[in-house]
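First the structure, in the form of structure tokens, and then the observations on it.
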Amino acid sequence: MTKMTPLLERNEQFARTYTPVPLAPPATQLVLVTCLDHRVDPANALGLQLGDAVVIRNAGGRVTQAVIDDIAYLAFLAEQVFAGQIQADGLFEVAIVHHTQCGTGFLADPGFRHRAAEATGVAEAALEASAVTDPYLTVKADVERLLTAPGLAPKVSVSGHVYDIATGRLATTIDARHP
Ligand SMILES: [Zn+2]
């Protein structure tokens, strides 16, 4: 028994009308970096279909070294495998999306952060760095971090956005630019 059982029934419905998507660059030329929060699923909020966009999710939607590594690999893969399908305006745009009411915001409280560090073994500094209390500030910091990351392919552009949990609206706060 597993809690996946009801989802397997949904998958059966899905598979009945499913058409496989060929391996190709994402149709929207977008790589989204966003929070793992189940209330901000970009497939729903942004109307994504299969093959539309790469989505990288972690706590807060933060630009961590792991995210930078994934983006570097995606750029390499795109240039190696899809050379003939790359658009003239670049490989892809990385859209960083932070949101209001983020659960990582609790980590801004020193007491909460200390207990979290003890319970998880994650360093307090790392937990503090992952907190999103003001998504407008953190998205700006993360756009800068990615744009200045060594090894970011010059054909990759980066933009910043904030998603409002209360309204369901996404606002662009930083227009796309190249490193
Ligand atoms: Zn969040």
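The values are calculated or read from the model by the stated rules, or taken from the named source; none is laboratory data. Everything numeric in this text was worked out from a predicted model, so none of it was measured. Note that each Cβ is placed from the backbone with ideal geometry, even for glycine, and that neighbours are counted across all protein chains shown. We work out accessible area using only protein heavy atoms, side chains counted, and drop any ligands, DNA or RNA first. Shrake-Rupley method; radii C 1.70, N 1.55, O 1.52, S 1.80 Å.
List of remarks:
- Percent accessible area from carbon and sulfur atoms, region 1-81, protein chains only, probe 1.4 Å: 59 percent
- Relative contact order of the chain, taken over Cα pairs closer than 8 Å and 6 or more residues apart, is 22 percent.
- Distance from the Cα centroid of region 53-79 to that of region 83-107 is 8 Å (rounded to whole angstrom).
- For the chain, the solvent-accessible area with a 1.4 angstrom probe is 60 square angstrom per residue.
- Cα centroid separation, region 143-179 to region 19-43 (Å): 15 Å
- Here the accessible area is traced with a 1.4 Å probe on the protein chains. For region 108-179, carbon and sulfur cover 56 percent of it.
- Restricting region 1-95 to GluC sites (Glu not before Pro) in coil, as DSSP defines it, with at most 14 other Cβ within 10 Å: none
- Where labels lie 7 Å past Cα in the beta-carbon direction, separation of Thr5 and Arg39 in nm: 3.0 nm
- Taking a ≥ b ≥ c as the square roots of the eigenvalues of the Cα gyration tensor, region 20-179 is prolate, since a/c reaches 1.5 or more and a/b is larger than b/c.
- Each residue, Ala15 and Asp109, gets one label point 7 Å from its Cα in the Cβ direction; the gap between the two is 4.5 nm.
- Residue separation of Ala129 and Ala166 scaled by 0.36 nm, minus their Cα-Cα distance, works out to 10.8 nm of gained length.
- Secondary structure note: in region 27-179, about 25% of the DSSP beta bridges are antiparallel.
- Amide H partners (placed H, <5 Å) of Ile56, local residues excluded: Leu32, Val33, Thr34
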